[in-house]
Amino acid sequence: MPTSGGRRRRTPRNLRNFYAEALDQAERLELADAHEVEGLDEEIAVLRVRLKRALREHPEDMALIAKGVDMLVKAVAARYRLSPKARRDLADNLAGLVEGIDNLLGEGSDAR
């Protein structure tokens, strides 16, 4: 279907083919399954697991932890369509949680 400017609008199938070119064969097989997933619940769960791993394996890397928290906040905000204020409050609460974990980890290393 032509759009203004004479360009053709891509169909969803064409978009899938566009992205499929960047994937290896195994990932292309998973692409069909990925199309069936609705919502962000799986992605949020994965982000939580990865953030926990980052806290466990790299507790000193606050930039990594902050990036993980930021990604999680954005995903949860998108999931629940939070208002900007609610999003800031959630970010502040998660930042406080990370700071508390950092303090606990710091206390544990002082005791050694």
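Candidates 26, 75, 22: the one that is farther than 16 Å from residue 97 by Cα, outside the structural domain of residue 95 (by TED's automatic domain parsing) and assigned to a helix (DSSP H, G or I) is 26.
Within the stretch 61-93, how many residues are acidic (Asp, Glu) and closer than 12 Å to residue 47 by Cβ? Even if it seems obvious, please write down each step before you answer.
The first filter runs over the stretch 61-93 and keeps only residues acidic (Asp, Glu), leaving 61, 70, 89, 92.
Within this subset, residues satisfying the condition of being closer than 12 Å to residue 47 by Cβ are 70.
Total satisfying the criteria: 1.
Scanning the stretch 29-72 for residues that are β-branched (Val, Ile, Thr) and part of a helix (DSSP H, G or I) gives 44, 46, 49, 65, 69.
The values are calculated or read from the model by the stated rules, or taken from the named source; none is laboratory data. These numbers were taken from a predicted model, which means no experiment stands behind them. Methodologically, a virtual Cβ is constructed for each residue, glycine included, from the backbone with ideal geometry; neighbour enumeration extends over all protein chains shown.
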